[in-house]
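Read the structure below first, then the notes.
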Amino acid sequence: MTHSWLRLPAACRQWNGRGIVALALLFAAIPAAIAADAPAIQPPDFARDVRSILSNRCFKCHGPDAGHREAGLRFDRRDEAVKELDSGHRAILPGHPEDSEMIARINSTDSDLVMPPPSTMVQLSDSEKATLARWIAAGAEYRPHWAFLPPLRPTVPGVQNKDGLTAQTKANSPSDWGSNEIDRFILARLQKEGLAPAAKADPQALCRRVHLDLIGLPPSPAELAAFVADPAQNAYEKLVEKLLASPRYGERWARRWLDLARYADTNGYEKDRERSIWMYRDWVIRAMNDDMPFDQFTIRQLAGDLLPSATTDDIIATGFHRNTMINEEGGIDPLEFRYLAMVDRVATTGTTWLGLTIGCAQCHTHKFDPIEHTDYFSLMALLDNVDEPVWVIPSAQRSQQILKTGEKIEELWTQLPSQWPVPPPKPDAQQTAAAAGEPTTDSIDAKRSLAMAAGFDAWNRQESMLAIDWKIVPPAHIQTNATHLVVREDGSILGSGDTTKSDLYEITLPASDRPLHALRLEVLPDESLPGGGPGLCWYEGEDGDFLLSEIEVMLAAADGSASRSVAIAQATESFAEGKNNAAAAVDGNMTSGWSTNGSLGRPHAATFQFAEPVVPGTPLLIRLRFERYFACSLGCFRLSVTDQPNALARGHSAAEEAALGKAPADRSAEDRNLIMRRFWATAAEVAEPIKQIRQLQDGLRQGASSLVMRERPADNPRKTHRHHRGEYLLPKEEVTGAVPAFLPQLPQQTLDGPPRLAFARWLVSPANPLTARVTANRQWQAFFGRGIVSSLDDFGYQGQPPSHPELLDWLASELVRLGWSIKSLHRLIVNSDTYQQASAVSPQLMAHDRENVLVARGPRVRLEAEVIRDSLLKAADLLSEKMYGPGVRPLQPAGVTEVVYGNTAWKVSTGEDRHRRSIYTFAKRTAPFAMTTTFDAPSGESCLPKRDVSNSALQALTLLNDPMFVEIAQALSEVTIAAGSDDASRLRELSRRVLSRDLDATEMRSLADFVVQQRTRLAAGQLNAVALAGTACKNADAVECATWMLAARAVMNLDEAVVKQ
Amino acid sequence: MHKHFSLLDVTRRHFFSDCGIGVGKMALASLLTGSMGNQAKAGQAEGPASPLAPRLPHHAATAKAVIQLFMAGAPSQLELFDYKPKLTEIEGKPIPPEVIGGQRYAFIRPDAAVLGPRYRFSRHGNCGAEISEMLPYLAKVVDDITLVKTCHTDQFNHAPAQIFMNCGFAQPGRPSIGSWVTYGLGSESDQLPAFVVMSTGNGISGGTANWSSGFLPSLHAGTRFRNAGEAILNVLSPQGADMRLTDDTLGLINSLNRQRLSVAGDPEIATRIASYEMAHRLQTSAPELMNLADESPETLSLYGCKPEEASFARACLIARRLVERGVRFVTIYHEGWDAHSDVSGNVKNNCQKTDQASAALVADLKRRGLLDSTLVVWGGEFGRTPMVESNIARGISKGRDHHPNAFTMWLAGGGVQRGLTYGATDELGFNIVENQVHVHDLQATILHCLGLDHKRLTFRSAGRDFRLTDVHGHVVKGILL
């Protein structure tokens, strides 16, 4: 390393002589360079002016990361920065920039000495150099980073006077300006800059703005007119309350949260299959509408399952971190992609709540912020101890409809005897019957029951004879490589936790006092398993599938080790997926095996007859191997043995077979019912009604699940390791859960409880300085287009300093004081005069504050993709207000989804689903809805705190020609024509619907000319009126419909139609 | 002068002569002189500089454009480029465990038996490159290409590996190479998107993440050209409209937007006006681009292209036309090389669809003097195993599994050597023995040819500077001119 602080050569000492001159010049240049920020006499503020220079320019090599620290020098701590270096010099000598090696080096013209070294391609500007020198001259004081200190509720500026404004403020501002505390913070800063706030926006503009912001939809012409005409003093406040109470509010604000949650309806990666997690999306909408306090909102999403008496909703809320992608390619290592999902969860948690770029510490200690490599994995450990089930909502908590299905199934069972076919009468009996007249209902029923009884008797005789006396054997010992197996009271074994592509279950059965002839393996459904089981398969194959590659039966020695294998003479099963039968599980080939795919969610069994009986007193070691090319192990199963020979799988459940084995007299009512239903299930005579029952049962398994988090059982905690360079294949030492050391720690007592819950509570506790600030800042950005901290995702050293630090802290403390009510914060913002300013930009303001950092005018921002679509749907009276449920597929151009794996078709929804709010649009990750993508909506691949706002030709083409917008223009034509009989009144209607305002005379003239011109061309047949009019417009002839469709299309394409101003 | 400039003139002439005088015409005429680079003329306030304004490279470029022929699904190098007679010799036996090491596999077990090459190889051209009989057309242009036999990747499943090849990172969400390039260099065309994507095979495993702009401004995302209907989504006006209506409508929209600009003062309105101008140009230039009527029958037959039929050949020809018009980065996906079963049939089928046109593209670019400034890159996301994949239960036999350790790609033009075979694998084709080229090295090299230093092409996101090559990558100097 050439650029070493250690190797300070003689040249440098000489340099000091020249340096003084250079330094003097620098000081001379200061006033001009920094005049805008601070008077020259004031030393730079460390937090505001200095730290960002140090962190941006120096920390990479002289910061928190010991692994990449050069010369043992670090500038992130004062004691280290001012200490004497091995060279004998000090990088910083407080009060003496001329003797500080740092200043010498940053000003050096020697490419071997200058800092930062040229190879880093990082350069200090002259004003940055001057700031550092002045800071050292003033004593080089360090202050803790503002964002890492708890927000203190600041004094609101100018509240000395009883009317809320200081005399000076009053004098310099519009007399009635300033309705709440926000305005006083904003005004104080504006006055410092010699600026005044803008005038209030006109009522139409304000009405549109607050509608778009609060509910994501524009006002209808009637709503617009009502507001403008409302003479009440508090007309605006009333409107705000109405909008805050609208169900549309939740749909608008949930969408923003879903950007952070990286919500989508498919799994991502290659197969990108559909997943069921829309219940989480609906939960967010409800939470927003109910104004669930943000602290509760947080805790439920990160740890709702751990709350005492957690509700179904609390568990669904944990879908937040299940929105990570799932790779379903067969060839993957599932645990590798789970690790990658955890990496995403840590980064997302950091961005969403802490506003920290924690993800940077995955591979090494953070270059800039005080987050160590180990801190990263400690944070991961707080979230890591989970299983990730496709949670089937427990039957008891399902909807009425599902309960009714259950009743319907029972009803069908009871009706089965009446479905039994009446046997055709014998020829001679026919004559007898004819002689006796028409047969009575009684006699038909009697014949029916006789026939059924005869069938049952024959079946019962045979099955009773063949029934095997199975003895369920609870294992003495279980060992697995990954899956957690628990033995339950009924002897069944339930699996949870991880599965791999090469799973081995080793199960020891205690010795029997009888000779054993066969082993039975029951595979059983369970609600805790994917798709209801019996397998643990959750990707690539069917949910709940399994493939038993091999089953090996061994005689075990006293110590449990295998001594000799038991040959299997015959393997049978109650059901198999094609060639994947029980025999394939004893053929020595690992690529073949037994699966019950095709009858998942139902119990089945395989029997394995031993070639030679196992002598009494020998424990058995059973090895179950799962070697499919994707993880596909058994989730719930039970082992039984028998001392009877010739055991075959007859397809009965264990209970059915046990009942069949009993003498008829010994059978209980339950036994008899069980046997009867089993008989019906096998009887060809009632195959149709049985099929109906099966379909209803299958329906119960589907459509009632959501992806959730579930804490792992206490006896199977997940170990979290630090991973060298962040790589999955390089796990190092185990780490325990903790928050980064520079932040207040989790309270000790809660560590006894589940750390994930403790962490969720800590995030929203007063101890954490970040969450309230980050959350308040995000709300501010939503309204003004720019955060008070413009780097929404970075409140660390590298982040942008707040434009209004006191206002941010006041908003953060106010949010907490308001009980974390986001709606209250929104109310406060939109009721401020700051928010209600007109948005027009004067050339002066453009020159002074192009980005509107100071908020000397109202916001003017392009609308989000969903708001654009929803607004235009509403303008055309097409928007459906139907809420919730699985995603829908609105119209989009052909071919958008065909390019991705599987060439999936996009089957456009019909009826009102075609025009639902965009939050309900089916979100396919690999081929997102074209229009929203074009307008910068995310595809749910990673947490997105702030969307890009682009302005492209493809957006223009979309608004002009996308069939969805053409359809909207056609519908707009219909409602426009209906609104009046002359062009002027129709144009007024059109502009009110699309732009929420009245046009001025010039605009009216331009549009009216266009209308006349197109009408003439249409009437002359130069344009195809029928094609352009479409089918929506019915109340006028094709020429008129097409004329207004073209006018609507033009207005929909005006800048204002897609802008909030 | 470059061809696309003269074409632009033709387009202008067309506009001025064919578009009659009417309301909005003058406005439209003036639109044509505007570009994303100097859109400020449109309004009183200065528009922000376009993210797509042309920018200078870091160093002198040897390529102005890249055409990436992405053979998705991963072609078998052992049937096409990397001849290993040893595999025939030991066919049916497992590979020694010490060669396999800890390599993870997607579907097969490490003790799977070796499968010998299914096709014959012979030497071609002055350079004597060894090429399979399945690539008769490529064999004729071997003196113009560089074969890199020693590519390797970190990923052994399709979606992550394709995304890794394009984005330098295995999970969706980061910018793709085409996005990085337009971010670094801007666009040379004000008529067409700077980064174009076509697909002629099956659905693509990595999906749209392969041409995503990731955290870069979304303008840098690849624009997909469809095979059927209009190439660019929504470029066609609604049914029943004509050119004059489009002119009238855009004239009205822009005049009202200009008026609004004078009231609201927001420079974003100026950008919006420029966007509609660009949209209008696209509506003319896209159909002109896709109209192959001006291609000679000889050229069409060189590619094996039937103009009315969507095919890889047609896409290659369109790629050439795109590059002629100043488009920076073109990717053609041909997904379908995933030969888990019957590798010989798979290779034969895909070569029939792609070999002629791939070679024709090189030859055509060369004779038009475009090969010197256009880098063509051919290859998949990984290679295929020397071991056979067979699975009775799945009805699979004589296939090959995914192999990340070594695979072959070829490059042509744009500053890479001609007639070179670079790197070598061991006698089993399992591991690299000299000159390995990691995916990040390949990416660094492509950027280098375009005049971009992969270490300097960075974007700050989520607290740090990201680059295409993460913290890795070396320019493969050995293949450069």
A chain fully extended from residue A:662 to residue A:748 at 0.36 nm per residue, minus the present Cα-Cα distance, gains in nm 25.0 nm
Segment A:355-380 and segment A:238-287 have their Cα centres apart by a whole-number Å value of 29
Contact order relative to length for segment A:509-599, counting C-alpha pairs under 8 Å separated by 6 or more residues, stands in percent at 21
Expected vector for segment A:834-850, Karplus 3J(HN,Hα) from phi with 6.51, -1.76, 1.60 and θ = phi - 60°, integer Hz, x for Gly and Pro, equals 4, 5, 8, 5, 5, 9, 4, 10, 7, x, 5, 5, 4, 6, 7, 8, 4
Dividing the helical contributions, -39500 (n - 2.57) per DSSP H run of n ≥ 4, by the residues of chain B yields a 222 nm value, nearest 500 deg cm²/dmol, of -10500 deg cm²/dmol
Note on chain B: helices (DSSP H) long enough, at least 30 Å by alpha carbon along their axis, and hydrophobic enough, mean Kyte-Doolittle at least -0.5, are B:243-264, B:267-290
Restricting to aspartates and glutamates and to Cα separations under 12 Å from residue B:348, and discarding same-chain partners fewer than 8 apart, the set is B:79, B:133
Computed over segment A:672-777, the relative contact order (Cα-Cα under 8 Å, seq sep at least six) in percent reads 11
Counting other chain Cβ atoms within 10 Å of each Cβ in A:1020-1028 and taking the mean gives 3
Length-normalised contact order of segment A:162-310, Cα under 8 Å, at least 6 apart, in percent, tallies to 15
Cross-link reach from residue A:823 to lysines, straight Cα distance under 17 Å and at least 8 residues apart if same chain, gives A:238, A:242
Dimensionless Rg/Rh of chain A, both radii on Cα and Rh by Kirkwood, sits at 1.07
Quick numbers on segment B:175-272, Rg and Dmax over C-alpha atoms in Å, give 17.1, 51
Extension length gain for residue A:677 and residue A:564 (0.36 nm per residue less Cα distance), in nm, is 36.5 nm
Under the helix-only model (-39500 (n - 2.57) for each DSSP H run of 4 or more, divided by the residues of chain A), the mean residue ellipticity at 222 nm, to 500 deg cm²/dmol, is -12000 deg cm²/dmol
Under Stokes-Einstein, segment A:844-892 at 20 °C and 1.002 mPa s, with its Kirkwood radius over C-alpha pairs, diffuses with a coefficient in µm²/s of 150
Of every Cα-Cα pair in segment B:373-430, the percentage lying beyond 19 Å is 48
Of the listed links B:149/B:455; A:501/A:579; A:271/B:93; A:501/B:455; A:408/A:501, those spanning more than 29 angstrom between alpha carbons are A:271/B:93; A:501/B:455; A:408/A:501
For the protein assembly as shown, the dipole about the Cα centre with charges only on Cβ (Lys and Arg +1, Asp and Glu -1), to the nearest 20 debye, works out at 2680
Once the in-chain neighbours fewer than 8 apart are removed, the lysines whose Cα is under 24 Å from residue A:1034 read A:874
Computed over chain A: longest principal axis from alpha-carbon atoms vs helix A:805-817 long axis, angle to nearest 10 degrees, is 40
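Values in this text are rule-based calculations from the coordinates and carry no lab data. Predicted, not measured: the structure shown is a model, and the values here were computed from it. Don't worry about glycine lacking a Cβ; one is built from the backbone with ideal geometry, like all the others, and counts go over all protein chains shown.
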